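Trainee: There's a structure below that I have some questions on.
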Amino acid sequence: MHRFACVVLIDRHGRLLLQERDEHPVIDPEKWGFCGGHLEEAEDALAGAVRELEEETGVRLPPDRLELVEVASVFHEAYDSWDEMSFYAAAVDLADDDIVCGEGRRIVFVEAGRVLDLDLTGSARQVLPGFLSGPVYRRLCA
């Protein structure tokens, strides 16, 4: 089993920060998904989420700003395994110009109403519908 930590940032307009992956990743190339990735051996999921967010976007948030939304079991065909994904969210006062694309084709804020129409990664497809209709997203948009 592999362990992952992923983060979605919500801007003041309720848009979600998503990454358009390029052709290089083993998992879900050329799809839209979360910022995040593999946890290092024995790395705490929250610490990994903070690290991955900074590596991929240039955004450094203190750990207490990230809220654990869900720990999901996600099947990755590339590994032929069910893996653990810790999914975090945070509200931010940022815009696309504040984001540095450290991985993938681009990382941008996407209107909530358009998110589910994107060609999403398996993990994003699995957790985003419940997140968008759930209490954490509503609270972070307030």
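The values are calculated or read from the model by the stated rules, or taken from the named source; none is laboratory data. Being a predicted model, the structure only gives us computed values, none of them experimental. Using ideal geometry, Cβ is built from the backbone for each residue, glycine included, and neighbour counts are taken over all protein chains shown.
Trainee: Six or more apart or on different chains, Cβ atoms under 9 Å: show the pairs whose first residue is in region 38-49 and closer than 14 Å to residue 68 by Cβ and whose second is among the aliphatic types (A, V, I, L, M) and exposed (fewer than 13 other Cβ atoms within 10 Å of the Cβ).
Mentor: Pairs found: 45/71.
Trainee: Check off (1) out of contact with any Cys (no Cβ under 7 Å at 6 or more places or on another chain); (2) at pLDDT 95 or above; (3) surrounded by 14 or more Cβ atoms within 10 Å (Cβ to Cβ); (4) within 23 Å of residue 114 (Cβ to Cβ) for residue 53 and give me the number that stays unchecked.
Mentor: (1)
Trainee: Would you check if residue 90 is touching a Lys or Arg at 6+ places or on another chain (Cβ under 7 Å) and under 14 Å from residue 9 (Cα atoms)?
Mentor: yes
Trainee: State yes or no: is residue 103 assigned to a loop (DSSP other than H, G, I, E, B), modelled with pLDDT under 95 and surrounded by 14 or more Cβ atoms within 10 Å (Cβ to Cβ)?
Mentor: Criteria met by residue 103.
Trainee: Tell me which residues, restricted to region 27-37, are surrounded by fewer than 17 Cβ atoms within 10 Å (Cβ to Cβ) and touching a residue at least 12 places away in the same chain (Cβ under 8 Å).
Mentor: Of everything in region 27-37, just one residue is surrounded by fewer than 17 Cβ atoms within 10 Å (Cβ to Cβ) and touching a residue at least 12 places away in the same chain (Cβ under 8 Å), namely 30.
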